[in-house]
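Notes for the one structure printed next.
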Amino acid sequence: MATFKPLVFSGMQPTHTLHIGNYLGALTRWVDMQKTHDCIYCVVDMHAITQGLDVWGGPKVLAKSIREVTAAYIAAGVDPKRSIIFNQSQVAEHAELAWVFNCVSRLGWLNRMTQFKEKAGKDREAASVGLYSYPNLMAADILVYRATAVPVGEDQKQHLELTRDIAQKFNNDFAESIAEHGFGDAFFPLPDPLTQGPAPRVMSLRDGAKKMSKSDPSDLSRINLTDDADMIAAKIRKAKTDPEPLPSEAKGLAGRPEAENLVTIYAALADETTEAVLAEFGGGPFSRFKQALGDVAVARLAPIAGEMRRLLADPGHVDAVLAEGAARARAIARPNMDAVKDIVGFIRSA
Ligand code: AQP
C-alpha cells in the first residue's frame, strides 16, 4: 500500500467578503490545523469566475476580493511563514491537472452535484462550463499537492467525495504506469474531508433553510468579517426568528431552524456548548439573547476586521505574501504534475 505524507489543503473563493459561515465552518479549523500539520491555504480565484460577472464583480472587484480574502486568512490566524498562502491562478499546475481530470471524471458524476444545480438555478443552459466542471478543478487543487486532508464546511462534502472518486479512478486507470514509474499501487491519496468545525453549516440570517452565502443578494443574510459593531448588532436584531421564547434544552430547537442557527452561532463564537447557551438564555426573550449574541460576535470579529484593515492598507505586502506562497506551492505542484505527465504518457522536456 502506498503511504502519503500528511498534508492539509483547503481554499475559499474570493467572491466578495468572507462571512461567519466561512469563518466558523472552515477558517477556525484551518488555524488549529497549523499546529499539527503542514498546510496549504489557497484563495481560489479561478473558481470565483465560474459564475456571472454580477456574482464576482468584475476585474477590479476580483483583485480587491483576492487581497481581502488573503487578509482575512492572516487576520484570523493563518501564519504565512508556517503555512503556504497563495492565489490559485498563480500556480498553473492547478489548471493543467484539471484538464487531465476532465478526462478522468464522468459526466454522470458531475450531473449529481447539488451545488451546480443550486448555483445554475433554473436556466442550466446558460451556466458556464466552468461552473459545471468546478468539482474537477477542485479535485486538481487538492491532488496536485497529493494532500491527504481537507478542512471544509458541510456543503463541500459532496465535492470531496467526487475528489476521492477521481483519485481512485486515476489510480485504477493508470495502475500499471503508476507502478512502472515507481509510485507503487497509488499515485494519489484519497483525501479525507474534515467537516467537524465549530459550526459546519451556518444558515442565512433571513432564511433558516438556506446556507449563509457570500453571493446571497441580501447583505442582511450574513455577518461579514469586515462588518463593524453597529452593522453586526443591526443584522442580528433583524435576523429572522419565531414568536416562541428560546427553549431550555437542545431538543426544543427541533423544527425551529432560525433559532437553532442563532444558538449554534453563539455557541461557536463563545466556545460553549448548545446546552450551556440554552441554560443561560432558555425561557427568555429573543431580544436579550440577540443583544448578547451581538456582543459576542463583536468581541470575536472586531479584532479580525481591525487586523484586515491594517493589512489591506499595504496591498504590496499582501501581494508579496501571495507571490512567496505561490513559489512555495509551485515547488510542490510541479514535480507532482511532471509525474502525472509521465504516468499518462505525455512527452515532456527534462
Ligand atoms: N454557511 C456556511 N457554513 C459553514 N461553512 C461554510 N462554508 C461556506 N459557507 C458556509 C465553507 O467555507 C469555505 C469556503 O467556501 P467557498 O468560498 O469555497 O464557497 P462556498 O462554499 O460556495 O461559500 P459561499 O459563501 O456560499 O460562497 P459563494 O456564495 O461565493 O458560493 C468552504 O470550506 C465551505 O464549506
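The values are calculated or read from the model by the stated rules, or taken from the named source; none is laboratory data. From a predicted model like this one, the values you see are computed outputs, not experimental measurements. Every residue, glycine as well, gets a Cβ built from its backbone with ideal geometry; the counts of neighbours run over all protein chains shown.
Brief remarks follow.
- Test: residue in segment 107-122 that is closer than 20 Å to S65 by Cβ, surrounded by 16 or more Cβ atoms within 10 Å (Cβ to Cβ) and in contact (Cβ under 8 Å) with a residue 60 or more places away in the chain: yes
- Residue-level analysis places A268 among those that are part of a helix (DSSP H, G or I), at pLDDT 95 or above, out of contact with any His (no Cβ under 6 Å at 6 or more places or on another chain) and among the small types (G, A, S).
- Residue in segment 229-249 that is farthest from the ligand (Cβ to nearest atom), counting only those that are in contact with a helix residue (DSSP H, G or I) (Cβ under 7 Å, 6 or more places away or on another chain) and assigned to a loop (DSSP other than H, G, I, E, B): S248
- Matching option when the condition is in contact (Cβ under 8 Å) with a residue 24 or more places away in the chain and of a type in the set (A, V, I, L, M), among A254, A233, A276: A233
- Note on segment 157-173: among residues that are free of Cβ contacts under 8 Å to residues at least 40 places away in the same chain and not β-branched (V, I, T), the one that is nearest to A26 (Cα to Cα) is K157.
- Condition check for D216: of a type in the set (D, E), within 15 Å of the ligand (Cβ to nearest atom) and at pLDDT below 95: yes
- Against the conditions (1) closer than 14 Å to I20 by Cβ; (2) not in a helix (DSSP H, G or I), G255 satisfies every one except (1).
- Out of G52, G77, one residue alone is surrounded by fewer than 19 Cβ atoms within 10 Å (Cβ to Cβ) and within 13 Å of the ligand (Cβ to nearest atom). It is G52.
- Residue, farthest from the ligand (Cβ to nearest atom), within segment 3-36, restricted to residues that are in a helix (DSSP H, G or I) and farther than 18 Å from A302 by Cα: D32
- Top-ranked residue in segment 37-48 [being of a type outside the set (G, A, S) and not in a loop (DSSP other than H, G, I, E, B); ranked as nearest to the ligand (Cβ to nearest atom)]: H47
- Within segment 13-43, being touching a helix residue (DSSP H, G or I) at 6+ places or on another chain (Cβ under 9 Å), of a type in the set (A, V, I, L, M, F, W, C) and either surrounded by fewer than 23 Cβ atoms within 10 Å (Cβ to Cβ) or closer than 17 Å to R328 by Cβ (or both) holds for W30, V31, C39, I40, C42, V43.
- Residue within segment 224-234 that is touching a strand residue (DSSP E or B) at 6+ places or on another chain (Cβ under 6 Å), surrounded by 15 or more Cβ atoms within 10 Å (Cβ to Cβ) and at pLDDT 95 or above present: yes
- Residue in segment 147-161 that is outside any helix (DSSP H, G or I) and either hydroxyl-bearing (S, T, Y) or over 29 Å from G184 (Cβ atoms) (or both) present: yes
- Filtered by the rule that a residue be part of a helix (DSSP H, G or I), within 22 Å of the chain's Cα centre (by Cα) and either of a type in the set (K, R) or over 27 Å from A339 (Cβ atoms) (or both), segment 90-136 gives N111, T114, Q115, F116, K117, E118, K119, A120, V129, L131, Y132.
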